[in-house]
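Dropping a structure here in structure tokens format, bear with me for questions.
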Amino acid sequence: MRWYNHFLQNRDSSGLPWDDSYRLSDSERRLVTHSIQQFQLGEWARGRGFVRRAKTHPAFATDSWFVPALELFIAEEQHHSGLLGSFLDREHIPRLTNDWLDAIFRRLRKLAGLEACATVLVTAEVLAVPFYQALRDATGSALLRSICIRILCDEAAHLNYQALTLGLIRGRVSERSQVQRIRCHSILFHCTALLLWQQHRRVFRAAGWDFRRYWNESCRAFAFLQFRIRQIALAGGDVSSIEDLRLD
Ligand SMILES: [Fe+2]
Ligand SMILES: [Fe+2]
């Protein structure tokens, strides 16, 4: 219920400087175009499979707030895509309709159940944080910076939300299965982190980040996420103690 209320209250916040007269320079366009296009596509998801899996998962079957909160969460991700899309339109940069990396992530999300879906999604979200930080610092556009800050605020909450979801799911399986899942998640994270750097390193470099900084900060954020998921899993569905386990 708390997450439902959070997403509901967060939905109406606006105040982005759409009347900013700044337009991207040629060099800036070359730098950020592909990255924004890829993230605009990646943020868009109808989430039908996610909701369908949540409706039947035993961890949430008795929680009448879970699916409504999930639907608002998906709407918030679509809003991110909408913000980036409007920015692209304003700069007369075409939106992507498909992309090989996006296709891989969509295929991975559809592979298995709710846990796989949430795991793939949160992996991308952990890495989206350093990306939007770098994009914010790489551009002279006040509008683009504001969009990045808005998305960063939302994503910080999303990490809490996903840690709770995954913690409640993992808390239902054996200790051995939990350790295996942590290992699989770690492999997925490190592969994705390398891929993200390969795709968007020019944006990071323009913001003054080298690979070492990117890697260290991403790994630290991932370790913290894993720690929170683990704590929630160990709490075994005790909501009163879970309430104390937020990331922010
Ligand atoms: Fe997002
Ligand atoms: Fe997110």
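Read the figures in this text as sums done on the coordinates, not as results from a lab. Because the structure is a prediction, the values reported are computed rather than measured. So basically every Cβ, Gly included, is an ideal-geometry build from the backbone, and we count neighbours across all protein chains shown.
In what sequence, highest mean first, do 104-114, 143-153 appear when ranked by Cβ atoms within 10 angstrom?
The most tightly packed comes first, giving 143-153, 104-114.
More than 15 angstrom separation, counting every C-alpha pair in region 135-187; what % is that?
Considering region 135-187, 63 percent of its Cα-Cα pairs are separated by more than 15 Å.
Would you mind calculating the gained length between W18 and E175 on full extension (0.36 nm times residue separation, minus the Cα-Cα distance), in nm to one decimal?
Extra length from W18 to E175 when fully extended: 51.5 nm.
Over the Cα atoms of region 113-248, what is the Rg over Rh ratio if Rh follows Kirkwood?
1.01
Additional query: How high is the FRET efficiency from R205 to A61, r the C-beta distance, R0 45 Å, rounded to 0.05?
0.40
Relative contact order, percent, of the chain when contacts are C-alpha pairs under 8 Å separated by at least 6 residues?
After rounding, I find 23 percent.
GNM, the chain, Cα, under 10 Å: largest mean-square fluctuation among F224, F204, F131?
Highest fluctuation among the options: F224.
Restricting everything to alpha-carbon atoms, can you work out Rg to Rh for region 99-163 with a Kirkwood hydrodynamic radius?
Here Rg/Rh amounts to 1.06.
Still on this structure, I have one more. Of the options L88, L234, Q133, report the single residue whose Cα projects farthest towards the positive end of the charge dipole of the chain (beta-carbon charges: Lys, Arg +1; Asp, Glu -1).
Value: L234.
Order the peptides 81-94, 157-170 from the highest to the lowest mean number of other Cβ atoms within 10 Å of their residues.
157-170, 81-94
Another one. Could you tell me the distance between the Cα centroids of region 72-130 and region 1-38, to the nearest Å?
14 Å
Once you wrap a convex hull around the alpha carbon atoms of region 43-148, what is its projected area averaged over all directions, in nm²?
7.4 nm²
For region 183-229, I need the span (max minus min coordinate) of the C-alpha atoms along each principal axis, in Å, sorted largest to smallest.
For region 183-229, the Cα spread along each principal axis is 33, 16, 13 Å.
Let me ask something else about it. Starting at 0 and stepping by 10 Å, how many percent of the alpha carbon pairs of region 1-56 end up in each bin?
Final binned percentages: 16, 25, 34, 19, 6.
Over all distinct Cα pairs, what is the inverse of the mean 1/r for the chain, reported as the Kirkwood hydrodynamic radius in Å?
By the Kirkwood definition, the hydrodynamic radius is 18.8 Å.
When only DSSP loop residues count, what trypsin sites (Lys or Arg not before Pro) in region 6-35 have their Cβ near at most 16 other Cβ atoms within 10 Å?
When the trypsin sites (Lys or Arg not before Pro) of region 6-35 are filtered for loop state and at most 16 Cβ neighbours within 10 Å, R11, R23 remain.
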